[in-house]
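Take a look at the structure set out below.
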């Protein structure tokens with residue numbers, strides 16, 4: 001029988017040891033999601049995006065996280081966002097444009113990584129397409145991601161055909 005791997009999404013531990021006493025979180029409250037901040041999380045360009053994030057993606061509600069420029073939706077977390085990740089360079093990976101925002105898609109098993117392309121700092125989204133639609137995630141997050149101005153955009157085969165030929 002195949003046993004599912006533990007969730008790749010980092011979550012806060014259910015209890016903490018405080019002064020020798022185990023403190024259990026209240027059942028009605030979800031603990032903060034433990035998300036490692038990106039290297040450039042303190043970049044001021046992340047702030048406008050972070051305050052524009054939606055309260056929900058599909059049916060998944062926004063949760064508190066424990067690090068700067070991060071967000072999580074769902075309990076357990078179905079979508080994790082980090083602003084300030086490495087800016088992707090030119091790539092042959094699939095790139096899609098949703099509501100004016102370019103996203104590079106790396107399909108993993110099971111987690112997909114969606115990274116803004118042409119925006120500095122870059123934003124990364126981790127999500128499992130078997131649990132939530134990537135179309136929903138990108139549609140719901142593109143307006144916030146657009147708060148980080150674009151400096152480049154993806155090009156496809158059609159644009160490459162129009163490049164001048166080298167001499």
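With 10 angstrom as the radius, rank 124, 107 by how many other C-beta atoms surround their C-beta, starting from the fewest.
Going from least to most buried by this count: 107, 124.
Classify segment 34-126 as rounded, prolate or oblate from the Cα gyration tensor: take a ≥ b ≥ c as the square roots of its eigenvalues, call it rounded if a/c is under 1.5, otherwise prolate when a/b beats b/c and oblate if not.
oblate
Which peptide among 74-82, 130-138 comes first, and what is the full order, when sorted by highest mean count of other Cβ atoms within 10 Å?
Numbers: 74-82: 22.0, 130-138: 16.4.
For the peptides 74-82, 130-138, the packing ranking is 74-82, 130-138.
If I model a spin label as a point 7 Å beyond the Cα along the Cα-Cβ vector, how far apart are those points for residue 51 and residue 32 in nm?
Simple spin-label model gives 2.0 nm for this pair.
At R0 = 25 Å, how high is the FRET efficiency between residue 130 and residue 99 if r is their beta carbon distance? Nearest 0.05 is fine.
For residue 130 and residue 99, the calculated efficiency is 0.55.
Read-outs throughout are calculated quantities, based only on the coordinates presented, and are distinct from any laboratory measurement. As the structure is a computational prediction, the values presented were derived from the model and not from experiment. Methodologically, a virtual Cβ is constructed for each residue, glycine included, from the backbone with ideal geometry; neighbour enumeration extends over all protein chains shown.
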